[in-house]
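Below is one structure, written out as structure tokens, with a few remarks after it.
The values are calculated or read from the model by the stated rules, or taken from the named source; none is laboratory data. All values reported here derive from a predicted model rather than from experimental measurement. Quick reminder, even Gly has a Cβ in these numbers, built from the backbone with ideal geometry, and neighbours come from all protein chains shown. For the accessible areas, the whole protein counts, side chains as well, though only heavy atoms, and no ligand, DNA or RNA atoms are used. Shrake-Rupley method; radii C 1.70, N 1.55, O 1.52, S 1.80 Å.
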Amino acid sequence: QVQLVESGGGLVQAGGSLRLSCAASGGTFSTHTMGWFRQAPGKEREFVAAVRRITGTLYYADSVKGRFTISRDNAKNTLYLQMHGLKPEDTAVYYCAANGGLVIFRATAYDYWGQGTQVTVSS
């Protein structure tokens, strides 16, 4: 059983930066594919970024490519999402998720989820 706790959200002006963290416990962090998803009010949860287990291959949604960077520190059992050039449309609750397989984009295939952290970008 993996527990995930996100932190680092907040209110930022357009063009600003934030770094989200996701602390994992209760499982073997390094053996899980880790992802970030987000959900804005009235919208479905959407994929943001992921890092595949074993290979460490990185994946990004087109909407964040070039602005966001996902990384993981297996020694610290922590996943990060560095966000630059934030836009009002990035406003959402951001969730960290883990799965023991190789699924990347499909939220329903992730087994473990954090409680989410709010990111609000003002114009």
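For the pair Gln1 and Tyr59, what calculated FRET efficiency results from E = 1/(1 + (r/R0)^6), where r is the Cβ-Cβ distance and R0 = 25 Å, to the nearest 0.05?
Plugging the Cβ-Cβ distance into 1/(1 + (r/R0)^6) gives 0.50.
Determine which aspartates and glutamates satisfy two conditions relative to Lys76: a Cα distance under 20 Å, and not lying fewer than 8 residues away in the same chain.
Glu6
Quick one: which residues, 5+ away or cross-chain, put their amide H under 5 Å from the amide H of Tyr112? H built at 1.01 Å from N.
HN-HN under 5 Å from Tyr112: Ala98.
Keeping every protein chain present and rolling a 1.4 Å probe, give me the accessible area per residue for the chain in Å².
Value returned for the chain: 49 Å² of accessible area per residue.
Take the solvent-accessible surface of the protein heavy atoms, probe 1.4 Å, and return the percent of it on the chain that carbon and sulfur atoms account for.
Within the chain, the accessible surface is 50 percent carbon and sulfur.
State, as an integer percentage, the relative contact order of the stretch 14-79 based on alpha-carbon contacts under 8 Å between residues 6 or more apart.
Over the stretch 14-79, the number comes to 32 percent.
DSSP loop GluC sites (Glu not before Pro) in the stretch 29-123 with at most 16 other Cβ atoms within 10 Å of their Cβ, which ones?
For GluC sites (Glu not before Pro) across the stretch 29-123 that sit outside H, G, I, E and B with at most 16 neighbouring Cβ atoms in 10 Å, the list reads Glu44.
Once phi is turned into θ = phi - 60°, what whole-Hz ³J(HN,Hα) does the Karplus curve with 6.51, -1.76 and 1.60 give for every residue of the stretch 26-31, x standing for Gly and Pro?
x, x, 8, 4, 5, 8
Would you kindly derive the ³J(HN,Hα) couplings of the stretch 105-111 from the backbone phi angles with the Karplus curve 6.51 cos²θ - 1.76 cosθ + 1.60 (θ = phi - 60°), listing them in order in whole Hz, with x for Gly and Pro?
9, 8, 4, 5, 8, 7, 8
Just need the relative contact order of the chain here, percent rounded to a whole number, with Cα pairs under 8 Å and 6+ apart.
Relative CO of the chain lands at 36 percent.
Each residue of the stretch 66-81 in order: what ³J(HN,Hα) in whole Hz does its phi give by Karplus 6.51 cos²θ - 1.76 cosθ + 1.60, θ = phi - 60°, with x for Gly and Pro?
Those phi angles translate into x, 10, 10, 9, 9, 8, 9, 10, 5, 5, 9, 6, 9, 10, 10, 9 Hz.
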